[in-house]
Amino acid sequence: MPSHSERVEAAVMATQAFCASRIPDGASDQIRLDVLRRGRSITIQEQRPPWDPERMGPDWTSVSVAQLRYDASSRTWALYCSDSRGRWWPYEEIASTRSVDPLLAEIDRDPTGIFWG
């Protein structure tokens with residue numbers, strides 16, 4: 001049986017593959033999706049270049065899209081969404097699962113418009 005760390009690493013890899021699949025070829029200068037891991041949490045961030053680099057500077061802006069959290073006691077993943085203040089809330093449209101795949105599919109589908117707007 002995989003350790004909790006191995007489960008999280010596998011989920012990070014699956015999330016990275018998901019993010020890579022969402023960016024069309026040749027669009028990496030217009031949009032990026034980053035995967036950030038902190039402990040047992042995985043955050044997906046959308047990054048965009050500055051619309052006016054001369055005034056705004058060269059830094060890309062980041063918006064948090066979704067967060068996946070692993071609960072070691074139940075060995076399940078839960079999906080979270082953020083509010084306008086950047087606080088995370090449980091996304092209640094899908095139950096916790098043993099795999100991140102159904103959660104990534106829910107983010108992709110985005111039936112409520114909370115992840116991609």
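Across the range 67-73, rounded Karplus estimates of 3J(HN,Hα) from the backbone phi angles (6.51 cos²θ - 1.76 cosθ + 1.60, θ = phi - 60°) give 9, 10, 10, 9, 9, 5, 5 Hz, Gly and Pro being marked x.
Pulled fully out, how much extra length does the chain show between Gln30 and Ser96, if you take 0.36 nm times their separation in residues and subtract their Cα-Cα distance?
Between Gln30 and Ser96, full extension yields an extra 20.5 nm.
Taking chymotrypsin sites (Phe, Trp or Tyr not before Pro) across the range 1-73, the ones in a DSSP loop with at most 10 further Cβ atoms lying within 10 angstrom of their Cβ are Trp51.
Of the trypsin sites (Lys or Arg not before Pro) in the range 1-36, not one is in a loop by DSSP (not H, G, I, E or B) with at most 16 other beta carbons within 10 Å. Annotation: for a label point projected 7 angstrom from Cα along Cα→Cβ of Ala105, residues of the range 54-81 with backbone N closer than 16 Å are 77-79. Take the Cα of Ile23, step 7 Å toward its Cβ, do the same at Ser73, and the gap between the two points is 3.8 nm. Using the basic label-point model (7 angstrom from Cα toward the beta carbon), what is the Thr112 to Arg38 distance in nanometres? Between Thr112 and Arg38, the label points sit 2.1 nm apart.
Exposed loop sites here are GluC sites (Glu not before Pro) in DSSP loop states with at most 16 other C-beta atoms within 10 Å. What is the longest stretch of the chain lacking them? Answer from the scan: 1-91.
Mean separation of Cα pairs under 8 Å and 6+ residues apart, divided by the residue count of the chain: what relative contact order is that in percent?
RCO, the chain: 17 percent.
In the chain, with Lys and Arg counted as +1 and Asp and Glu as -1 at Cβ, which of these residues, Gly113, Ile42, Pro2, has the Cα nearest the positive end of the dipole, that is, farthest along it? So the residue we want is Pro2.
For Ser99, the residues whose amide H sits under 5 Å from its own are Trp77, ignoring neighbours fewer than 5 places away on the same chain, with H placed 1.01 Å from N.
Neighbour counts of other Cβ atoms within 10 Å put Asp71, Asp25 in the fewest-to-most order Asp25, Asp71. Between His4 and Met56, the contour length at 0.36 nm per residue exceeds the alpha carbon distance by 14.5 nm.
Laboratory data are not the source of any read-out in this text; all were calculated from the coordinates shown. Predicted model, so just to flag it, every value in this text is computed and none were measured. Methodologically, a virtual Cβ is constructed for each residue, glycine included, from the backbone with ideal geometry; neighbour enumeration extends over all protein chains shown.
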